[in-house]
Amino acid sequence: MKRRAILLAGLLVAGLAHADAGVPVTASHAWIRVLPGNLPAGAYVVLHNDGAKPLALTGADTAAYGEAMLHESSSTGGVSRMRTIDALPIPAHGTRTLAPGGYHLMLMDAKHPVHPGAKIRITLKFDDGSTLPVDFLARPASALSDKD
Amino acid sequence: MKHPRVPRLALFLWALACCLLLAGCQHHEALPFKLTRISGHMPDLQFRLTDDNGKTVTADDYRGKVVLLYFGYTHCPDVCPLTLAHLHVVMQQLGKQADDVRILFVSVDPTRDTPQALHEYVRAFDKHTVGLTGSAGAIEALTKRYRAAFSREPSGKDGNYEVSHSSAIYVFDRDGHARVLSTPITPQADLVHDLKLLLDSGD
Ligand SMILES: [Cu+2]
């Protein structure tokens with residue numbers, strides 16, 4: 001009985017440790033460009049993989065929006081277009097930037113109006129099953145980055 | 001041996017006359033622009049559309065202003081706002097002269113972009129921006145006039161769609177003549193430089 005309890009406690013600790021140290025990714029410069037009405041918004045962030053293995057961002061979840069999609073904008077041959085991507089690789093010990101005009105999360109169908117200055121929690125999902133909650137700063141439409 | 005002298009002088013005078021004539025005709029080309037010149041390659045500004053106040057407007061309403069023409073749509077979450085945000089910075093750098101410039105944001109998604117929707121949208125960027133929409137035919141005619149093709153592409157659920165569209169920003173002088181072409185990746189300083197040339201030259 002006692003042994004089983006110790007085993008159980010051991011498993012719990014292991015589980016917690018895994019949840020804590022699971023993602024070797026750090027996020028910075030996270031922001032959302034808020035557009036008027038209920039128009040879709042772009043979310044941007046810089047991701048650094050501190051781990052020795054490559055990782056890929058596969059999507060995101062947020063309670064603030066109905067849908068969050070991983071997208072890439074391109075302007076080749078004078079034409080701007082946007083496509084959905086399934087996975088965005090982040091090299092080992094490397095950085096991947098989601099920035100206007102390139103990779104971004106497209107947020108659709110805001111549950112409540114989002115105003116500049118608000119912090120929106122978005123949980124990033126990776127291909128190894130791990131997740132990373134990140135607070136994104138809501139910024140006005142004419143913003144070009146997370147700061148003025 | 002005196003013979004060739006005369007034709008040579010005549011030739012010289014003829015060449016000189018040609019130079020002067022050309023300079024006269026290409027008076028427009030004299031400005032030292034930094035961006036791609038489109039004088040003579042793109043037609044004068046011409047359209048009849050509805051502005052974001054619901055008023056019917058034509059290109060004539062913007063004569064006297066330097067015009068930046070850009071095609072986009074409000075449901076575009078990334079490139080269109082980025083372009084308009086860049087143009088806002090450009091307008092700020094022009095200072096008081098920005099009052100003589102208009103950014104015409106023409107919707108390539110007239111189904112969703114009503115004048116009201118456009119009004120709220122353009123106000124979020126720069127106050128010198130005008131949202132323009134109209135019938136599918138009128139929009140198509142204008143995009144064809146400037147070889148700015150667009151196409152609707154379905155995406156995701158709920159019948160949502162994206163619109164692929166030209167990334168060009170067409171710059172017209174105060175008389176509605178097409179002069180230079182800018183893109184979302186053009187350095188802001190270059191666009192500011194060329195706009196100042198057009199604003200100062202008065203030509
Ligand atoms: Cu997108």
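Some points to look at:
- Any hit, the range B:119-138, residues being in contact (Cβ under 8 Å) with a residue 12 or more places away in the chain, more than 27 Å from A:Pro116 (Cβ to Cβ) and within 12 Å of chain A (Cβ to nearest Cβ): no
- Count of residues meeting criterion [within 14 Å of chain A (Cβ to nearest Cβ) and either assigned to a loop (DSSP other than H, G, I, E, B) or open to solvent by 10 Å² or more (accessible area, probe 1.4 Å) (or both)] in the range B:171-186: 5
- Filtering the range A:78-89 to residues that are at the interface with another protein chain (Cβ under 9 Å from one of its Cβ atoms) and open to solvent by 70 Å² or more (accessible area, probe 1.4 Å) leaves A:Arg81, A:Arg83, A:Thr84.
- Meets criteria (modelled with pLDDT under 95 and within 11 Å of the ligand (Cβ to nearest atom)) for A:Thr84: yes
- Contacts under 7 angstrom Cβ, first residue in the range B:74-99 being within 7 Å of another protein chain (Cβ to nearest Cβ), partner crowded, with 23+ Cβ neighbours inside 10 Å and in a helix (DSSP H, G or I), 6 or more apart: B:Thr74/B:Leu118; B:Thr74/B:Tyr121
- Top-ranked residue of the range A:25-77 - restricted to ones that are in contact with a helix residue (DSSP H, G or I) (Cβ under 6 Å, 6 or more places away or on another chain) and open to solvent by less than 10 Å² (accessible area, probe 1.4 Å), ranked as farthest from the ligand (Cβ to nearest atom): A:Arg33
- Hey, A:Thr123 touching a Leu at 6+ places or on another chain (Cβ under 8 Å) and surrounded by 14 or more Cβ atoms within 10 Å (Cβ to Cβ) or not: yes
The values are calculated or read from the model by the stated rules, or taken from the named source; none is laboratory data. Worth saying up front: this structure is predicted, and the values here are computed from it rather than measured. Here Cβ is always computed from backbone atoms with ideal geometry, including for glycine, and neighbour counts include all displayed protein chains. Surface areas here come from the heavy atoms of the whole protein model, side chains and all, with no ligands, DNA or RNA. Shrake-Rupley method; radii C 1.70, N 1.55, O 1.52, S 1.80 Å.
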